[in-house]
Amino acid sequence: MPTMPFFHEPTAAVRFWVAIDGVEIGASISGDTLHYRYRRGAEREDPLQTYRAHADEIDAAVRRRVAQGSIEPVMVREFDLRASG
């Protein structure tokens, strides 16, 4: 069973895992990155809800980073999401 994503208050980031070749790779994305990429005009949005709405794109960014040599934990940056479109 995959580990469920959650919002980590101390770091203000969503922590999540992406299955790559049968291994769950830990990753995170800051609430600020989620806000500026997906909900720029919104106020008081829920970072976890925003992550879930865009999980396919964010998970693909993690897979690209790992393929390029990043090691766990992968921190998804705004730049990583621009590369996907």
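The values are calculated or read from the model by the stated rules, or taken from the named source; none is laboratory data. Quantities reported herein were computed from a predicted structural model and do not represent experimental measurements. Using ideal geometry, Cβ is built from the backbone for each residue, glycine included, and neighbour counts are taken over all protein chains shown.
Some observations on this one:
- Some residue of the range 21-32 being surrounded by 18 or more Cβ atoms within 10 Å (Cβ to Cβ), at pLDDT 90 or above, of a type in the set (S, T, N, Q) and in a helix (DSSP H, G or I): no
- Matching residues, the range 39-85, being among the hydroxyl-bearing types (Ser, Thr, Tyr) and under 20 Å from GLU9 (Cα atoms): THR50, TYR51
- Within this structure, GLU9 fails the test of being acidic (Asp, Glu) and touching a helix residue (DSSP H, G or I) at 6+ places or on another chain (Cβ under 9 Å).
- Filter result (of a type outside the set (A, V, I, L, M), in contact with a helix residue (DSSP H, G or I) (Cβ under 6 Å, 6 or more places away or on another chain) and touching a residue at least 40 places away in the same chain (Cβ under 8 Å)) within the range 52-85: GLU78
- Any hit, the range 34-46, residues being aliphatic (A, V, I, L, M), loosely packed, with under 12 Cβ neighbours inside 10 Å and over 11 Å from the mean Cα position of the chain (by Cα): yes
- Tallying residues that are among the acidic types (Asp, Glu) and touching a Pro at 6+ places or on another chain (Cβ under 7 Å) within the range 1-51 yields 1.
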